[in-house]
Each structure stands twice: as structure tokens, then as C-alpha cells.
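Let me begin by presenting the structure, written as C-alpha cells, before commenting on it.
Values quoted throughout were computed directly from the atomic coordinates according to the rules given, and no laboratory measurement underlies them. All values derive from a computational prediction rather than experimental measurement. Please note: Cβ atoms are built from the backbone with ideal geometry, for glycine as well, and neighbour counts cover all protein chains shown.
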Amino acid sequence: MRKDRAKSRVQGALRAGLIAASLSSAPAFAAPASAQEAPPAQSASAQYRPLEGSTTPYSEAVQVGDVLYLAGKLGTAADGSGLVPGGIEAETRRAMESIGETLAKYDLTHDAVFKCTVFLADIEDFAKFNAVYRTFFKEGRYPARSTVAVKGLALGAAIEVECLAHNPQG
């Protein structure tokens, strides 16, 4: 019983403190002074590259500042006929080639990629994926990466890869 009253007093004090802070002229949780400074005169604006020949509601890539955000790529055939045959290795190769094609539109190569997120339909394919993925990067210059297993991917794909690339604008 004593613990319940103490808990209730703490909750009441917290509520009162938050209410008082929200009513005061100062922000309850002030940002550090450096974050309160005026933004730079030039702010980065996003530049969108719609997916050519598609009505899907996403962009193939978006440039913000010096970072190029690439949409996730599946291992689909270049002619749009669906997934390439051959399983995880073939799909990984094609997804990475497709990433290379998008990068080339910005005069970039896989060397510019600094982060990838990988979605695997089956985590048991991790080693097979890695065997192909590594061939697209120079030894010792692999991007940071997150890999997750998912319940399902579009078109029943085995793999989807999305990347961020450094694309200096100035």
C-alpha cells in the first residue's frame, strides 16, 4: 500500500512538472544551443528520379544533399518479365546489377555505396547471398549493412537490397 501511494505521488509530480513545463514560455526539453542556431542559408532539397516506365508510387532514387537514397531492388529481369530464374544467387546478382544501373545514371559505381539494407525471404540464404554480394565491392571497402529476414517480398522474391550512396553535390 505504501508503494502504491509513493508511486502515485511520483506520477502526480511528473504530470505536474510536465504541465508546468508546457505552460511556461521556455520549452520543456530545450535543444542544445548549437541545435537552436539558425539553419544554414542553403538547405538541401530533395531531387526525385521517378521509376522510368512505371506508374508505381515511388522513386527509383532520391538525392538529398550529398546522399543518394536508392529504392530497394529485387532480382527482376531487365525486360520486366519477372524474377530472374536461378534462386537466391541469380536474384542477388541481378538486384546488385540493377543497383549499379541506377548508380550509373548519376555517374556513380558501387564504390559510392556506403550503406545497404538487405531483406532475405529465408535467412538460410545468408551465406549464398554474401558470396554474390561481396563480388560487387572492393575487398576491404564493404558498405555498412543490416540484414533482416522477412516473411515475404514482392513477387515472391528471395532478396531485396536498398542502398545509400555518397554523391557529392558541390
### Message
Could you work out the pair-distance distribution P(r) of the stretch 56-126 from its alpha-carbon pairs, with 10 angstrom bin width and percents rounded to whole numbers?
### Response
17, 49, 29, 4
### Query
Taking 1 over the mean of 1/r across every pair of different Cα atoms in the stretch 110-170, what Kirkwood radius in Å do you get?
12.5
### Sites matching GluC sites (Glu not before Pro) across the stretch 49-144 that sit in DSSP coil, with at most 14 neighbouring C-beta atoms within 10 Å
Glu52, Glu139
### Task
Mind putting a number on the dipole of the stretch 35-170 about its Cα centre? Charges go on the C-beta only, +1 for Lys and Arg and -1 for Asp and Glu, and I need it in Debye to the nearest 20.
160
